[in-house]
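Below you'll find the structure, written out as structure tokens, and then a few comments.
Each reported figure results from applying straightforward, stated rules to the coordinates on display, with no laboratory input. Values in this document were obtained by computation on a predicted structure and should not be read as measured data. Don't worry about glycine lacking a Cβ; one is built from the backbone with ideal geometry, like all the others, and counts go over all protein chains shown.
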Amino acid sequence: MKKDEEAAREYSELFVVFSDSIEVWMRKVVIALVIVLCLFQAVLRVPEIRQWLASADKYEGTSIHRKNEP
């Protein structure tokens, strides 16, 4: 009985150590992906670069030119 409790405690400790390391790694990955997403959204605002990254624009029809736009 004592051996089972010790094995369960050891397993729990190992799991906590493992999950803590994975949590740190996943947090870094998520933060990096959010930063990359924001950068791509900013880059897509530049028309010269957008034509290279977003190929669907040519299928959207004619653009509307408003008076206040150059």
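Annotations for the structure displayed:
- Positive-end ranking of Val36, Trp52, Val17 along the dipole of the chain, with charges on Cβ about the Cα centre, is headed by Trp52.
- Pair Ala42, Val29: separation of 7 Å Cα→Cβ label points (nm): 2.5 nm
- Trypsin sites (Lys or Arg not before Pro) within segment 17-70, DSSP loop, no more than 14 other Cβ atoms inside 10 Å: Arg45, Arg66, Lys67
- Mean residue ellipticity, 222 nm, helices only, the chain: the sum of -39500 (n - 2.57) across DSSP H runs of n ≥ 4, divided by residue count and rounded to 500, is -24500 deg cm²/dmol.
- Low-density loop positions, GluC sites (Glu not before Pro), the chain - DSSP coil, at most 15 other Cβ in 10 Å: Glu60
- Prolate/oblate/rounded label for segment 1-55 (Cα gyration tensor, a/c 1.5): prolate
- Magnitude of the charge dipole for segment 1-55, about its Cα centre and with charges confined to Cβ atoms of Lys, Arg (+1) and Asp, Glu (-1), is about 420 debye.
- Label-to-label distance for Glu13 and Ile49 is 5.0 nm, based on points extended 7 Å past Cα in the beta-carbon direction.
- Against the chain, whose longest principal axis comes from its Cα atoms, helix 2-43 is set at around 10 degrees.
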